[in-house]
Amino acid sequence: AQKVTQAQTEISVVEKEDVTLDCVYETRDTTYYLFWYKQPPSGELVFLIRRNSFDEQNEISGRYSWNFQKSTSSFNFTITASQVVDSAVYFCALSEAQGGSEKLVFGKGTKLTVNP
Amino acid sequence: ETGVTQTPRHLVMGMTNKKSLKCEQHLGHNAMYWYKQSAKKPLELMFVYNFKEQTENNSVPSRFSPECPNSSHLFLHLHTLQPEDSALYLCASSQDGVQDPRIIQYFGAGTRLSVL
């Protein structure tokens, strides 16, 4: 069965610190997609990134970067120079790339608090 | 409006009440989802609709009854709920098909439900 583990329940940092959120996944499929979502206090899950299982290149988007390593089944997310607005719960998710409706399996989330 | 809109944002109901949650997506997607987010638990997929047809019912109790009259609207009818049903109910939509950006699910802000 698919599973996503976010071992860090809560992280607290001071503004401008770098922070890495860990995500480890389990799947038997060779084709799959990984996602990160951000959930601010307003409740809406905001899509951040999607990565397919054949693309192991790391990605950078502004202060955000993602490190995908199939060898360790990890898809970690780093925020550089964190800001107070980054405070939110971050979810890692896994989806099978099969026909029909997609099912996302979510981790339990990591609550990030960035203090001024 | 853009994106996925959920109403009401907050709902308090007694165990004998009947209420409905509404979700509307303005993204032209053909698949819609209901998720339940309880405290300290991963997001749980409840129902999936693809082209108005229910394709997934994740062993949800019959006191939750979904309805999808068209690809843009999704309802969740509630009756005789239990206090443990109190949670954030999130709606999402995606464009299922063979072309990108398939399988990215876009979420609404949720309905915070309290059952007394």
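Of A:Y37, B:Y33, how do they rank once you tally other Cβ atoms within 10 Å and put the fewest first? Don't jump to the answer; show the numbers that get you there.
Values: A:Y37 23, B:Y33 26.
Final ranking by Cβ density, sparse to dense: A:Y37, B:Y33.
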If you bin the C-alpha pair distances of the protein assembly as shown every 10 Å from 0, what whole percents do you get? 8, 32, 35, 20, 5, 0
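What is the dipole size for region A:31-116, taken about its Cα centre, with +1 at each Lys and Arg Cβ and -1 at each Asp and Glu Cβ, in debye to the nearest 20?
Numbers: 8 positive and 7 negative charges, 39 e Å.
My answer is approximately 180 debye.
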How big is the charge dipole of chain B about its Cα centre, in debye rounded to the nearest 20, if each Lys and Arg gets +1 on its Cβ and each Asp and Glu gets -1 on its Cβ? 400 debye
Which one, A:S42, A:S53, A:S65, has the greatest fluctuation when you compute a Gaussian network model over chain A with C-alpha springs under 10 angstrom? A:S42
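Could you line up B:I104, A:I11 from fewest to most neighbouring Cβ atoms inside 10 Å?
Working: B:I104 19, A:I11 16.
Going from least to most buried by this count: A:I11, B:I104.
Rounded, prolate or oblate for chain B? Axes are the square roots of the Cα gyration tensor eigenvalues, ordered a ≥ b ≥ c, and the cut-off for rounded is a/c under 1.5.
On the way: a/c = 1.83, a/b = 1.77, b/c = 1.03.
It is prolate, given that a/c is not under 1.5 and a/b is the larger ratio.
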Which cysteines in chain B lack any other cysteine whose Cβ sits under 4.7 Å from their own Cβ? B:C68
Using a Förster distance of 45 angstrom, determine the FRET efficiency expected from the C-beta separation of B:H26 and A:D55, and round it to 0.05. 0.90
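Could you please rank B:K18, B:K40, placing first whichever residue has the fewest other Cβ atoms within 10 Å of its Cβ?
With the fewest neighbours first, B:K18, B:K40 line up as B:K40, B:K18.
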In peptide B:38-46, how many Cβ atoms from other protein chains are near each Cβ within 10 Å, on average? 4
Give the span of region A:1-48's Cα atoms along each principal axis, as three whole-Å numbers ordered largest to smallest. 39, 21, 16
Rounded to whole Å, give me the distance from the Cα center of region B:31-102 to that of region A:14-70. 24 Å
Within region A:45-116, DSSP-loop trypsin sites (Lys or Arg not before Pro) with at most 16 other C-beta atoms within 10 Å are A:R63
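Can you check what the Kirkwood hydrodynamic radius comes to for chain A, Cα pairs only, in Å to one decimal?
Working: mean 1/r = 0.0693 Å⁻¹.
The Cα-based Kirkwood calculation yields 14.4 Å.
Just so you know, all these numbers are worked out from the coordinates, no wet-lab data involved. Not measured: the values here are computed from a predicted model. Heads up, the Cβs are rebuilt from the backbone with ideal geometry, glycines too, and the neighbour counts pull from every protein chain shown.
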